[in-house]
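**Student:** Starting off with a structure, shown below.
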Amino acid sequence: MRAIVVERPAPIETGPLHLIEKAAPVPVDGELLVRVVACGVCRTDLHLAEGDLAPKHSRMVPGHEIVGVVERLGAQSGRFRVGDRVGIAWLRETDATCKYCRSGRENLCPNARFTGWDADGGYAEYAVVRDDFAYALPAAIDDEHAAPLLCAGIIGYRAIKRAGIAPGATVGLYGFGGSAHLAIQVLKHWNCRVFVMSRGGIHRELAETLGADWIGDATQSPPAPLDAAILFAPAGELVPPVLRALDRGGIAAVAGIYLSAIPPLDYARELFYERELRSVTANTRADGEEFLKIAGEIPITTSTVAMPLEEANRALTMLKHDELRGTAVLHVE
């Protein structure tokens, strides 16, 4: 099969991803072999390609926003049938026995493994997934537009939950890329007032199209104190202004797997009055199922840029330089 691999992590502009031929994976007991149709391009893939996240083995295949068709069933796989459309996301498996798994927090499992980091992902013609970690996808959303839901969408929804956002809240979104443009649709569906802080022209245009109530720069004070905020940009220097924008008791959630250094915080200005700063770590399968159900009900519209598999380096370069209006999706077929 054709597959894109990380040969040696390096700045994405140098082209660290290479197209190779390799054997297709074989599903073991409890797994599905999935013929990949499309795979979304995520910032985590960029961190992997550039070495911010060290690949777990050589020639790693990135990609964890995978939409495909079940090609073959391993023994003891009963949830899906050959020919079913399924999604594969970042969370690949957990141990199911630790205190986190047993308390509904499997995203914190110390033995969790992740698609496109611990095991090969979807920048390839085939991928395998455990039957119990595959997702059924909303019928109303086609393959290309479903792909970003599987990480950008699910993580954005997890961030909404971590920020304690309730219908009707006033919310700030800092950074407006692949994840934020999906989160805002959930928030507007919940009749929230949404302020978007973004430096990019194309991102501001998209935010306006999707109903943002105010659009400004991250250094500006929003028009009203925020009940909650989500920081999507991987910029630690934005944490202080995000916290200052919160109302008393407000919660800020950091949605990325990577964040640059946070500068010293002024307790009185930025944390007092029970303001909170929370991280977001992966997601539970329940998060994914809840979000995909909501996505189908709205139905969520994803802004995508279609590219062939061979252009993975260019897709990640455009992501790095904020040149994408939404999410790049690699078409594998």
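Taken together, the values in this text are just the output of simple stated rules run on the coordinates, not laboratory data. Because the structure is a prediction, the values reported are computed rather than measured. Cβ atoms come from the backbone with ideal geometry, glycine included; neighbour counts cover every protein chain shown.
**Student:** Evaluate the charge dipole of the stretch 154-279 about its Cα centre and quote only its size in Debye, nearest 20, assuming +1 on the Cβ of each Lys and Arg and -1 on the Cβ of each Asp and Glu. Present the calculation step by step, with values, prior to reporting the outcome.
**Tutor:** Working: 12 positive and 11 negative charges, 55 e Å.
Approximately 260 debye in magnitude.
**Student:** Which of 119, 100, 190 sits farthest toward the positive end of the charge dipole of the chain, with +1 on the Cβ of Lys and Arg and -1 on the Cβ of Asp and Glu?
**Tutor:** Ranked along the dipole, the leading option is 100.
**Student:** Please get the size of the charge dipole for the stretch 111-189, origin at its Cα centre, with Cβ charges of +1 on Lys and Arg and -1 on Asp and Glu, quoted in debye to the nearest 20. All intermediate terms of the calculation are to be shown ahead of the outcome.
**Tutor:** On the way: 6 positive and 8 negative charges, 125 e Å.
Approximately 600 debye in magnitude.
**Student:** Classify the stretch 42-165 from the C-alpha gyration tensor, please: rounded if a/c falls under 1.5, else prolate or oblate depending on whether a/b exceeds b/c. Walk me through the intermediate numbers first.
**Tutor:** Working: a/c = 1.21, a/b = 1.11, b/c = 1.08.
Judged from the Cα gyration tensor, the stretch 42-165 comes out rounded (a/c under 1.5).
**Student:** How much net charge surrounds residue 161 when only other residues with a Cβ under 15 Å from its Cβ are counted (Lys, Arg +1; Asp, Glu -1)? Let's see the in-between values first.
**Tutor:** On the way: positive: 105, 158, 162, 278, 285, 293; negative: 106, 227, 276, 287, 289, 290.
Here the charged neighbours net out to 0.
**Student:** Under unit Cβ charges (Lys, Arg +1; Asp, Glu -1), what dipole magnitude, rounded to 20 debye, does the chain have relative to its Cα centre? Please list the in-between numbers first.
**Tutor:** Numbers: 34 positive and 42 negative charges, 131 e Å.
Charge dipole of the chain: 620 debye, to the nearest 20.
**Student:** Under a Cβ-Cβ cut-off of 11 Å, what is the net charge of the residues other than residue 6 that fall near it, where Lys and Arg count +1 and Asp and Glu count -1? Each step should come with its number before you reach the end.
**Tutor:** Values: positive: 8, 56, 59; negative: 7, 45, 50, 120.
Result for the local shell: -1.
**Student:** Does the chain come out rounded, prolate or oblate, given a ≥ b ≥ c as the square roots of the eigenvalues of its C-alpha gyration tensor, rounded meaning a/c under 1.5 and, failing that, prolate meaning a/b above b/c?
**Tutor:** On the way: a/c = 1.70, a/b = 1.54, b/c = 1.10.
Prolate, since a/c reaches 1.5 and a/b exceeds b/c.
**Student:** Calculate how steeply helix 152-162 sits against the longest principal axis of the alpha-carbon atoms of the chain, using the helix alpha-carbon long axis, and give the answer as 0 to 90 degrees to the nearest 10.
**Tutor:** 40
**Student:** Over 27 Å between Cα atoms: which of 22/293; 56/293; 22/56; 56/320 fall into that group? The partial results should precede the final answer.
**Tutor:** Numbers: 22/293 36 Å; 56/293 33 Å; 22/56 18 Å; 56/320 22 Å.
Check vs 27 Å cut-off fails for 22/293; 56/293.
**Student:** Here's something else I'd like to know. Return the whole-Å distance between the Cα centroid of the stretch 83-142 and the Cα centroid of the stretch 279-333.
**Tutor:** 16
**Student:** Moving to a separate point now. I want to check the label-to-label distance for residue 79 and residue 95. Put each point 7 Å from Cα in the C-beta direction and report it in nm to one decimal.
**Tutor:** A separation of 2.1 nm, rounded to one decimal place.
**Student:** Let me know the shape class of the stretch 141-283, please: from the alpha-carbon gyration tensor, a ≥ b ≥ c as square roots of the eigenvalues, rounded when a/c is under 1.5, otherwise prolate if a/b is greater than b/c, or oblate. Before the final figure, lay out each step's value.
**Tutor:** Working: a/c = 1.56, a/b = 1.43, b/c = 1.09.
Prolate is the answer for the stretch 141-283, as a/c is 1.5 or above and a/b outweighs b/c.
**Student:** What residues have an amide H closer than 5 Å to that of residue 116, excluding those fewer than 5 places away on the same chain, when H is modeled at 1.01 Å from N in the peptide plane?
**Tutor:** Answer set, sorted by chain and number: 121.
**Student:** Continuing with this model, one more query. Roughly what would the spin-label model give for residue 321 and residue 262, points 7 Å off Cα along C-beta, in nm?
**Tutor:** 3.2
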